[in-house]
Amino acid sequence: MSIHTDEEFEKLKVIGKIVRWSLDEMSAAVRSGITTLELDHIGLRMLKHHGAEAAPQKVYGFPGAVCISVNDEAVHGVPGGRVLREGDLVKLDLVAVKDGFFADAAMTIRVGKVSNRADALVRCAEAAFWRAMNVARIGFRTCHIGREVEREVLDRGFKVMPELGGHGVGRTIHEHPSVPNFYDRSARTKLTDGLVIAVEPIISEGSGKGVLMPDRWTIRTADRSLSAHYEHTIVITKGKPVLLTA
């Protein structure tokens, strides 16, 4: 969507804050010994407290409130009985809706002390996002966001997962345009004033290829290498983008 009124902007800011608060509450609870289902319950409780709903459940019938993916699971992990252990990387990907407006954000949390390689991977995903913000403004195209993400990831010795990327958001979870994490010359959508998109580097320490798991939701790395994910919903402007979920 593109923002056309102050009312739309205010409602997006409200749901963006709710997503941020919910992720903060979940990340504070991450520890060795907790299950992904327990984390999911924390996220859902926060959403309900603020009058919001879990969008993946509402739109797609996802079997959980929050996508929670561990280690080689890149995205769309289904919450359940898996127990987090010291050294794990857990990705919390939360999309919520309130009053018809959606916001989407994700972060990768370290469980206790992780390996140097795992730590570098998490830092890389975050750095790739922030590098992309330099071109997330009027006058650029979606391919330029992908170019900056890919450059940062390759510079740090990792790989993007090209099948996975960002997207428009605002009135539902996934909208036009697609926002790739690599330099895709066909991604020519212009970034216009008020455009709302989710930018989300999803990267791996291995080949970058992904496979769908038997649950038909979770996508993991094909070579079982670690992955990391970092995402915010942003609004395009003439200058720096507005980060709704930061």
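Which helices (runs of 4 or more DSSP H) sit wholly inside segment 1-68 and have at least 2 residues that are buried (at least 21 other Cβ atoms within 10 Å of the Cβ) and small (Gly, Ala, Ser)?
6-29
Report, by residue number, each residue of segment 192-212 that is touching a residue at least 60 places away in the same chain (Cβ under 8 Å) and assigned to a loop (DSSP other than H, G, I, E, B).
192, 193, 194, 200, 201, 205 - these are the residues of segment 192-212 that are touching a residue at least 60 places away in the same chain (Cβ under 8 Å) and assigned to a loop (DSSP other than H, G, I, E, B).
Applying the selection to segment 118-166, what residues are touching a helix residue (DSSP H, G or I) at 6+ places or on another chain (Cβ under 7 Å) and among the acidic types (Asp, Glu)?
Selection gives 148, 152.
This table checks each residue for (1) open to solvent by 50 Å² or more (accessible area, probe 1.4 Å); (2) at positive phi; (3) in a loop (DSSP other than H, G, I, E, B); (4) of a type in the set (Asp, Glu).
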| position | (1), (2), (3), (4) |
| --- | --- |
| 139 | yes, yes, yes, no |
| 145 | no, no, no, no |
| 149 | no, no, no, no |
| 152 | no, no, no, yes |
| 162 | yes, no, yes, no |
| 170 | no, yes, yes, no |
| 173 | no, no, yes, no |
| 178 | yes, no, no, no |
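Determine the pairs where a residue that is more than 19 Å from residue 202 (Cβ to Cβ), located within segment 127-145, has a partner that is open to solvent by 70 Å² or more (accessible area, probe 1.4 Å) and among the acidic types (Asp, Glu) with Cβ atoms under 7 Å apart, the partner being 6 or more residues away or on another chain.
Final answer for the pair search is 138/193.
Considering only segment 117-126, state which residues are surrounded by fewer than 18 Cβ atoms within 10 Å (Cβ to Cβ), under 17 Å from the mean Cα position of the chain (by Cα) and in contact (Cβ under 8 Å) with a residue 40 or more places away in the chain.
126
Check residue 51 against each of (1) in contact with a Ser or Thr (Cβ under 7 Å, 6 or more places away or on another chain); (2) at positive phi; (3) not polar (S, T, N, Q) and name the one condition it does not meet.
So residue 51 meets the others, but not (1).
Note down all Cβ pairs under 7 Å where the first residue falls in segment 61-78 and is of a type in the set (Asp, Glu), the second is open to solvent by 30 Å² or more (accessible area, probe 1.4 Å) and assigned to a loop (DSSP other than H, G, I, E, B), and they're at least six residues apart or on different chains.
Sorted first by the residue in segment 61-78, then by its partner, the pairs are 72/224; 72/226.
The values are calculated or read from the model by the stated rules, or taken from the named source; none is laboratory data. Just so we're clear, the structure is a prediction, and the values are computed from it rather than from any experiment. Cβ sites come from the backbone with ideal geometry, for glycine too, and all protein chains shown count toward neighbours. Each accessible area value is taken on the protein alone, full model and side chains, heavy atoms only, with ligands, DNA and RNA left out. Shrake-Rupley method; radii C 1.70, N 1.55, O 1.52, S 1.80 Å.
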